[in-house]
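Structure first, then comments.
The values are calculated or read from the model by the stated rules, or taken from the named source; none is laboratory data. No experiment lies behind these values; they were computed from the predicted model shown. Virtual Cβ from ideal backbone geometry, glycine too; neighbours counted across all protein chains shown. Remember, those area values only see protein heavy atoms, side chains included, never the ligands or the DNA or RNA. Shrake-Rupley method; radii C 1.70, N 1.55, O 1.52, S 1.80 Å.
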There are 2 protein chains.
Amino acid sequence: MSGDTNLLTELIEALRCLPGVGARSAQRMAFHLLERDREGGVRLSRVLGEAMQRIGHCKSCRNFSESGECAICTNVSRDASQLCVVETPADLLAVEQATGYRGRYFVLMGRLSPLDGMGPQELGVELLQRRLAGGEIREMVVATNPTVEGEATAHWLGQLARAAGVRATRLAHGVPLGGELEYVDRGTLAHAFGSRQALED
Amino acid sequence: MSGDTNLLTELIEALRCLPGVGARSAQRMAFHLLERDREGGVRLSRVLGEAMQRIGHCKSCRNFSESGECAICTNVSRDASQLCVVETPADLLAVEQATGYRGRYFVLMGRLSPLDGMGPQELGVELLQRRLAGGEIREMVVATNPTVEGEATAHWLGQLARAAGVRATRLAHGVPLGGELEYVDRGTLAHAFGSRQALED
């Protein structure tokens, strides 16, 4: 669009900051909003600007929050003796939606990954240690991802818990429900086989 | 994210106005912007708001434009005797990028489709007739899509051109370059066979 519609070019370029959006999708999005959904575009612009400005981190769990402390941390009906440690807000959401867990959380906002410059400091180790030392927490549920870095992070979290005298547990590994053994990867199958449990009557 | 981060929920909801973005991708986008690219998010918010407000339609070709008349229509070095009619701004862009066409355009912003309420009025027939009657245009290149509705639109455009005494041409149909005959659909192959041309020496 040679020349004047610089704003359109700029919009297409700006849309590419979204993950998974390339030049082509960005163009399609821009045209869609301009042709069919200006209202949605205006709303998105407003909400996005507000969110970028106002959403910060909860001062006790590091999850995203508009206020100083998030709704989960301030919810007195939640069990303060349990602390589930997850890597990201998306993981927290997944745990909240899938399980009946009613304890508190701690969001690392990453995982130990020295090559990416993610060390204990970046994961909020001081805040976590302070919470563990607070005396309220009896169990730390380590819910990092079952990846190499996630496992390393889990190991480190276990050490932190031990140092604070808090019991640490982790998510069970094994064969996913609804899967077929034939298609489960070897590592998972070997682990599940090794950790086999007594059949319940 | 029960309770306080209503703004986050609102952001995820607002992102769903983008085409092809469902609940899951919207969540991923929101977290990505918040965690990793606040700057991009702020920029997108600003550009989007501005674009939604300021981008209108060119008064001579109906393409998107920030000013009353777009850069192509005001570009005196472009051939005013040729008018290429396309369905959408994206089609215009495709023609601009793929061909050496140096004439003007007319963007229908749709195609004839009575069921969707798209009639001649919605496609800017009056403006198009006025331009055809202007006397400057000698050839109208019909570049509607090779779909049923696009073909119907092409037929209608041909009638308009004839009524105004302007020569109408259309894009050639045939086997796409780089394709294999084996995989070309029957309709296209039959058409290409019927419209076979003399081998150039």
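About its Cα centre, the dipole of chain A is roughly 460 debye, where the only charges are +1 on Lys and Arg Cβ and -1 on Asp and Glu Cβ. With both labels modelled 7 Å from their Cα along Cα-to-Cβ, the residue B:184 to residue B:197 distance reads 1.3 nm.
How about the range A:78-109: which trypsin sites (Lys or Arg not before Pro) there lie in a loop by DSSP and see at most 14 other Cβ atoms within 10 Å? It would help to have the intermediate numbers written out before the result.
On the way: sites: A:78, A:102, A:104; in loops: A:78, A:102.
When the trypsin sites (Lys or Arg not before Pro) of the range A:78-109 are filtered for loop state and at most 14 Cβ neighbours within 10 Å, A:102 remain.
Using 1/(1 + (r/R0)^6) with R0 = 30 angstrom and r between the beta carbons of residue B:39 and residue A:115, what's the FRET efficiency to the nearest 0.05? Present the calculation step by step, with values, prior to reporting the outcome.
Details: r = 24 Å, r/R0 = 0.78.
After rounding to 0.05, the efficiency reads 0.80.
From its DSSP helices (H runs of at least four residues, each -39,500 (n - 2.57)), chain B gives a residue-normalised ellipticity at 222 nm of -13500 deg cm²/dmol. Using a probe radius of 1.4 angstrom, the carbon and sulfur fraction of the accessible surface of chain A is 51%.
Suppose we keep just the DSSP beta bridges with both residues in the protein assembly as shown; what percent of those would be antiparallel, to 5? Please report the intermediate quantities before stating the final value.
Values: 6 of 33 bridges.
Close to 20 percent.
Paramagnetic label reach from residue B:54 (point 7 Å along Cα→Cβ; backbone nitrogen cut-off under 17 Å): within the range A:7-27, residues A:7-15.
Charges were assigned to the Cβ only: +1 to each Lys and Arg, -1 to each Asp and Glu. The resulting dipole of the protein assembly as shown about its Cα centre is roughly 660 debye. For the range B:66-82, backbone phi angles converted through the Karplus equation (6.51, -1.76, 1.60; θ = phi - 60°) give residue-by-residue couplings of 7, 9, x, 10, 7, 5, 6, 5, 8, 7, 5, 7, 8, 6, 7, 8, 10 Hz, Gly and Pro being listed as x.
Among chain A residues, the one whose Cβ is nearest the axis of the rotation from A to B, given with its distance rounded to whole Å, is A:45, 3. Working value for the range B:141-201: equivalent-ellipsoid semi-axes of 26, 15, 9 Å, each the square root of 5 times a Cα gyration tensor eigenvalue, largest first.
Label-to-label distance, residue B:172 versus residue A:172, with points set 7 angstrom from Cα along the beta-carbon direction: 6.8 nm.
For residue B:102 and residue B:152, FRET efficiency with R0 = 41 Å and r from the beta-carbon atoms, rounded to 0.05? Mind showing how you got there, number by number?
Values: r = 29 Å, r/R0 = 0.70.
It comes to 0.90.
When its C-alpha radius of gyration is set against 2.2 N^0.38 Å (N residues), the range B:1-129 gives a value of 1.41. Per residue, chain B exposes 55 Å² of solvent-accessible protein surface, assessed with a 1.4 angstrom probe and all protein chains in place.
For the range A:64-170, what is one quarter of the convex hull surface built on the Cα atoms, given in nm²?
On the way: hull surface 26.7 nm².
If I average the Cα hull's projected area over directions, I get 6.7 nm².
Excluding ligands, DNA and RNA and using a 1.4 Å probe, chains B and A jointly bury around 5400 Å² of accessible surface, summed across both partners. Separation of the range B:11-70 and the range A:112-185, taken as the distance between their Cα centroids, equals 37 angstrom.
Computed from the Cβ-Cβ distance with R0 of 60 Å, the FRET efficiency linking residue B:138 to residue A:125 stands at 0.20. Both radii were evaluated on the Cα set of the protein assembly as shown; the Rg over Rh quotient, with Rh as the Kirkwood radius, amounts to 1.14. Taken over the C-alpha atoms, the range B:3-54 has Rg and Dmax values of 11.4, 36 angstrom. Toward the positive end of the charge dipole of the protein assembly as shown, with +1 on the Cβ of Lys and Arg and -1 on the Cβ of Asp and Glu, the farthest Cα among A:81, A:60, B:172 is that of A:60.
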